[in-house]
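Rule-based calculations on the coordinates, nothing more; no lab input. Since the structure is predicted, the reported quantities are computational estimates derived from the model, not experimental observations. Note that each Cβ is placed from the backbone with ideal geometry, even for glycine, and that neighbours are counted across all protein chains shown.
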Amino acid sequence: MPQLTQQAPHKPSKTSRSKVSLFTQMTLALMLGAALITGATSCSLHPKGGVKSADAAIYIGINRVTPEQLVQVLPEAKDKPVLIDFSSKYCLDCQKLEPVLHTMMPQYKNIVFKGFDVMRDRQAHGDILKLFKPTAVPVLVFIAPGGKIVNVKYDYHPAEELKPLMENLNAMTAEAPKQS
């Protein structure tokens, strides 16, 4: 009769455990490095936290966009402030944010409001979606006259939180240089 031997339970090899740990360490190190280099005010693995640079041009969750690129795709941004809302009809936070924006926008007639559904508007507005490449929704992009991104907000925000940002963006209209 063959003798049965008891085998030790399977354990992951040290190399597989260290690869996962190394990957996590590298990801965090890259994010921290980006935060330090860009003068970020916050850093997070999730797009809701975002990494914001001193010149407000680098954010996690959207592509880096120069004012020149933005004005080419969105001519309104040349001389007016713009608020872009990237959303999806399948997103619950987007559905909550939509009525908030629609009640606020009539108060700020100088701000051009652009809303894009990242799923439905791929063909009709593919140029703006390809430029920003939003990886999360909802994303609100606040753009000053001239095409400079001044702020990006992720997730749902009530009107009380958005009002100071809208006031600031609206004030940029008066400061914008007049084109002759």
**OP:** Figure the gain on full extension for Y90 and Q107 (residue separation times 0.36 nm, minus the Cα-Cα span) and round it to one decimal in nm.
**Re:** 3.4 nm
Subject >> Least to most buried among E76, E167 (fewest other Cβ within 10 Å first) >> reply: E167, E76
Subject >> Label-to-label distance, nm, for residues given as D79 and R122 (7 Å Cα→Cβ offset) >> reply: 3.7 nm
Original post:
Using a Förster distance of 30 Å, how high is the FRET efficiency between T173 and V100, based on the Cβ-Cβ distance and rounded to 0.05?
Top reply: 0.90
Original post:
With labels modelled as points extended 7 Å from the Cα through the Cβ direction, what inter-label distance (nm, one decimal) is found for T135 paired with E161?
Top reply: 2.1 nm
Original post:
How do F86, F142 rank when sorted from fewest to most other Cβ atoms within 10 Å of their own Cβ?
Top reply: F142, F86
Original post:
By counting other Cβ atoms within 10 Å of each Cβ, how are Y156, Y90 ranked from fewest to most?
Top reply: Y90, Y156
Original post:
Any idea what the relative contact order of region 73-180 is, in percent, if you count C-alpha pairs under 8 Å spaced at least 6 apart?
Top reply: 38 percent
**OP:** Would you mind checking the radius of gyration and Dmax of region 99-180 based on alpha-carbon positions, in Å?
**Re:** 13.7, 39
